[in-house]
1. Stretched out fully, how many nm does the piece from residue B:90 to residue B:129 gain, at 0.36 nm a residue minus the Cα gap?
2. Using only alpha carbon pairs under 8 Å that are at least six residues apart, calculate the relative contact order of chain B and give it in whole percent.
3. Taking 0.36 nm per intervening residue step and subtracting the Cα-Cα distance, what contour gain separates residue A:202 from residue A:285 on full extension?
4. Which order do the peptides A:237-248, B:243-254 come out in when sorted by mean C-beta neighbours inside 10 angstrom, highest first?
5. Within the P(r) computed for chain A, what percentage of the Cα pairs occupies the region above 38 Å?
6. Express in % the proportion of alpha carbon pairs of the stretch A:145-189 at distances exceeding 17 Å.
7. For the stretch A:389-452, what is Rg from Cα atoms divided by 2.2 N^0.38 Å, rounded to two decimals?
8. Using the C-alpha atoms of the stretch B:222-273, what convex hull volume per residue, in cubic angstrom, is computed?
C-alpha cells in the first residue's frame, strides 16, 4: 500500500511567510481610526503591538522572512504531516484524492501556535513584559500561553465566561503554562464592568473579551495586545501551513483542484488557502477555494461587507469585513469555535473579489462527518475542523457522482481531545442545529457604524 | 541553535520487533495453568488469543517481522520524534544531554497503539469478530478502540468504574471510535456480579476488569481477549519505540548512558529499554536502566517476586512477577495510571537478574516535574510519564553535581490532554502523597497462591 503520510524534511520548512497583499489586484479598504474615522497610521497601533508586527500588518512584500528563533520553536512540531486520506476515500468510494494537513501535532493541539510563537517572539524582542489576549474555547489562549512560557512573557487571557466554566480543561492547560486566565466579562476593566452593570448574567463573547484585553494593553506600557486571528500579520504567520502543504503535494506529484477550509476569524482559512490563491492571482495555477462556516455564525454567507469594530466596546479600529455586527453573541447551542462576529479583512476582500466559494453548515452534519472521519482516519477532529471535513466529504461525493478524480486539500486544524463533551452531547442527541435567520441578521446589523 | 528534534525517515522505521527472550542468560519462570498449576501449553491460551500472538508470546527468535499491514497503520504517526530537551537542560543548568522519545503524537495520544494495532490485525486475520479488554484511565481502551475501528473489529471495554465516572472524556473517545464501554465491576459477567454482591460500592480495579474481559472472551467463540501490557507479546510490540530511538540517537551520534522509563504493567518500560538492555546482554554496549513507579503502587520496589494471578477472579494463568497481590486496589488519592498490582514477567525477570534500578516516586514531586517540563519543553506530559520526567530531572541534577555530561533517554509515553483535572487538582493542593506501607504490602501478599 502506498504511504498515507507525506513528510517534509526539516530543512525544507519554509524560511518565509507568504503575504497575499503583494498579489492583490486591488488593495483592501483602509483601516480607520475609531474616533476620527480617518485611515490610521502605524503609530496609532503602537500602544497595542510592537512595530515589527505593525510593519507586517501593512507590508506589501510578497515574502517575509521567518526569524531563525521562531523557526527553532516551529521545529518542535513542524513541518507537520500531510496525509492522503486513503481509508476515507475507500469508505466513500470516491475517485477523489483527499489530502489533509494535520496541525493537531502542535503542543496545544491546533494551528494557533504558528502565530502565537512569532507574536511572542517579536514582543519579547521589543522588551514587552506581558501579553493580554482573549480566547473563546481556548485554542488561541492556550497557544499564546505556550508561546509565552517559551519566551518568558507573562500572559493574561480574558476567556469568554461560558467557556471559562464549561471548558475548565483548556483553562487548566493555560494555567499550567503559567498564564493568568480571567472570566470575561470581568470586574477588572471598564469594558467588563460596563457590560456586567447592564447585563449581570452576560456569559460573554469574543467581542467583549477583546475589548477587555485591548483596554488593558492600551493602559499599561508594559503590556501589549495579541490577537489570534483576523489581522493581516496573523494570517501571514499561518501561511506556513499552506506553503508546507504545497511542497508536500509536490512530493506526491499532485496539486489541489479544490482547497477547503473552515473559517471563524479567518486565520486557518488564510493559512492553508492563501499560498494557492496567490498562485491563482499570479496566473500560475488555477484552483477552487471553499470557505466553510457555521450556519449559526454566518458572517461570510449572511453578514454584510462593511466597516465594523473588532470588539463590542468599540475600542478597536474600524475594518471593512463581512460582519454580523459587533454586538453579535452566538446561540448557546453552538458547540465549536468559529463564533466571531466578523471575518478577517483580507479574507473578506478576496471573497468580495470573487475568489472564494462560501458555505454555511449546520453543526449536526459536521459532527456526523467528524465521527466518520475518526472511524476511518483514526484522528478525532476539533469541532471547528469538522466543518472542513463535512465540505471535503461533500466535494468527494460530488467527484464520485461526476466520475472525476480531483485532488481535494483541507487543513485538519486541530484535534478534538478537549472537545469530547461536545461529541458526547452530539451522540446523546443533546445538540441541535440553529440557523441565524435573516431577521436576526438585519437586527444585528442595524447598529453598524456609519462610515462615509 | 541546533535542532531539538531528531526525525527518522519513514523508510528507516523498524521492520521487526525485538524479542529480549533471545538474549536472556536464563529463561523466565514457566507460566502455570491456574487449575493444575502445571506449565501451560499454547493450546491452553487458544480460547483467549489468536495463535499468531501465542507464538509471539513464547518465541525465542530475536527479531519478529512487523507485518506490512501493521507498518501501514504505524506510518500514520510513526516514526515518532526524538527530542533533545535543550531548553530543559538549560533551565536545570545540567551538562547532561537529555533526550525524549515522544509517543503522544499517536491518534489516542500514547504509546498504546503500538500494540493495539498488531493485536487487532492478528485477530482480524484469525477471523475474530470482537475483542474484549479492560482499561483503567482509558489510554489502553481508547487505543484498542482506534485499532478496532481501523480493522473493522467490535471492541468491548470494561472500564474501572471510578474512571468510568471520573474520566468521561476517555470514554467518549472510545465510543467515538465505535467501542462499547461498560463500567466494571458490571452485572454482565459472573466475576462482576460476584464482586458487586460482596462489595456493592466497589469502584473497581484493573484486576477485576481483566476478570470480566477474560470471562467474556473465554465464553464466546467469536470474542478474543486483548491486554494492553504485562504479556510478552505486548512488550515485544512496544520495542518499536526503543528501536527507533536507537536509530535516532545514532543520527545524533549519541548513545544513552541511562535509559529511564515509568512502569505500571511494564510495556512502556520494555518498549524503550529492552533494545538497549539487549545490547548490554549481548555484551555490545553498557547502559544503566532505571524503572520508576508510583510509591502508591510499588510492585517492583515493595512487591514480592512470586507466582500470582493476573486478575482478581483468578481466571488467568499464574505468572511469576513482582506483585502486590491480585486483590490490590490503589488508594483513591492516586491520580495517574501505573496502578496494576503486578509487573510484566519479563520486566520482573530482568530486574531479578540485576539489570534494572528501581525507584518509587510520590505523585506530588512527579506533577511538579511535569509542570516544569511543560513550561520549558512545551509538551504537557501524561501523569504516568511524569514519573519518568521526575527521575530524568534527578539524573540530570546528579550529572550537574558530579560534573558529568551523560546522555539520558526517556520515553514521554503520552500527552496529558485528558489529565487536566489531575493537574488542576495538583495546582489547587487537592492531591496528596500516599506511601503503600510495608504492613499493607504484607497484608496484600498474604493471599498469594501457593505454588511448589
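1. Working: separation 39, 0.36 × 39 = 14.04 nm, distance 5.18 nm.
Computed gain between residue B:90 and residue B:129 is 8.9 nm.
2. Details: 986 pairs, mean separation 85.5, N = 452.
It rounds to 19 percent for chain B.
3. On the way: separation 83, 0.36 × 83 = 29.88 nm, distance 4.83 nm.
Once the chain is fully extended between residue A:202 and residue A:285, it gains 25.1 nm.
4. Working: A:237-248: 25.7, B:243-254: 18.6.
Descending packing order for the listed peptides: A:237-248, B:243-254.
5. Numbers: 15262 of 101926 pairs.
Cα-Cα pairs of chain A separated by over 38 Å account for 15 percent.
6. On the way: 305 of 990 pairs.
Taking all Cα-Cα pairs of the stretch A:145-189, the fraction more than 17 Å apart is 31 percent.
7. Numbers: Rg = 18.9 Å, N = 64, 2.2 N^0.38 = 10.7 Å.
Scaled against compact globular proteins, the figure is 1.77.
8. On the way: hull volume 3.6 nm³, N = 52.
Convex hull of Cα atoms, per residue: 70 Å³.
Throughout, read-outs are computed from the coordinates displayed, never taken from laboratory work. These figures come from a predicted structure and were not determined experimentally. Every residue, glycine as well, gets a Cβ built from its backbone with ideal geometry; the counts of neighbours run over all protein chains shown.
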